[in-house]
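Since the structure comes first, as structure tokens, the remarks are kept for the end.
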Amino acid sequence: SPTSNEIVFLRQGQIYYSRLKKGSQSRMLFKARGRNSSPVWSPDGKKLAFVSSREDHSFIGVYDLAQKRIKWLAPSVDRDRYPVWSPCGRYIAFIRFPGGMTMSFRGGVPFSIMVASLDSGEAKEVWKCPNNTGGFAQYYPAETLRWAADGYLVFYSEHEHWMHLYSFSLKEKRLISLTPGKYEVEDSFMTPDGKKIIFNANKNDIDRRHLWEVSVKGGQLKQLTSGEG
């Protein structure tokens, strides 16, 4: 938890809870159908977003620890995955794949980025991939989607033939290619202020990887390391 000595973890498709205190016993946080995974604490530590997989579709749920109640966000027959909280804790962004389709890293599937309101439970599509390249770029990275500062969403995509990072401005409704060029972006992380992304890639050196830095708003890339990598 970001605010207290509490943890959640997965066991046999369910989410368990424990206090980090001597003698504390773990317990199932709640019982829900399907296999539940990807727990993410809200910024205030009072709620928990998670993914509930139901064979050919999946939902994004939000569990309120005080009220002991689950709220489902825009449930559908699609595959909803990778929930991330807005810094204010009022919205959740996630990636939606069509339901009933087998994930294919060779042929790919379409995907959309959705933003849901915690108050209404409704979600709207903010960006849709222009081709069927969803799959590997959303599965391989440790964090495929992030909510950055100033209303930017940062995500991975291969719709321009290479694994790259993109950001989408929710205010300007504009997609920005953060890492353009003929190279592959691999791992990345966001700085604590949510304004920059550090990543490794074989940019300008196809056989090696180096560390780079870029603003979530786009612009000049800064190389952080050089030499063998």
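Name the chymotrypsin sites (Phe, Trp or Tyr not before Pro) in the stretch 1-105 that are in a loop by DSSP and that have at most 14 other C-beta atoms within 10 Å, would you?
Sparse-neighbourhood loop chymotrypsin sites (Phe, Trp or Tyr not before Pro): F105.
Highest first, please rank the peptides 171-178, 140-147 by the mean number of other Cβ atoms sitting within 10 Å of their residues.
140-147, 171-178
Give me the 1.4 Å probe accessible area per residue for the chain, excluding ligands and nucleic acids, in Å².
53 Å²
Among Q220, G100, F155, whose Cα lies farthest out toward the positive end of the dipole of the stretch 100-229, if unit charges sit on the beta carbon of Lys, Arg (+1) and Asp, Glu (-1)?
Looking along the dipole axis, the top candidate is Q220.
Would you calculate, for the chain, the mean residue ellipticity at 222 nm contributed by helices, counting each DSSP H stretch of 4 or more residues as -39,500 (n - 2.57) and dividing by all residues, to the nearest 500?
When only DSSP H runs of four or more count, the value is 0 deg cm²/dmol.
Where the accessible area of the stretch 38-186 is counted over protein heavy atoms with a 1.4 Å probe, how much of it, in %, is carbon and sulfur?
50 percent
Testing the spin-label approximation: label points 7 Å from Cα along Cα→Cβ at E172 and N5. State their distance in nm.
Simple spin-label model gives 4.6 nm for this pair.
The values are calculated or read from the model by the stated rules, or taken from the named source; none is laboratory data. Remember, predicted model here, so these are calculated numbers, not experimental data. Virtual Cβ from ideal backbone geometry, glycine too; neighbours counted across all protein chains shown. Accessible surface areas use protein heavy atoms only, side chains included; no ligands, DNA or RNA. Shrake-Rupley method; radii C 1.70, N 1.55, O 1.52, S 1.80 Å.
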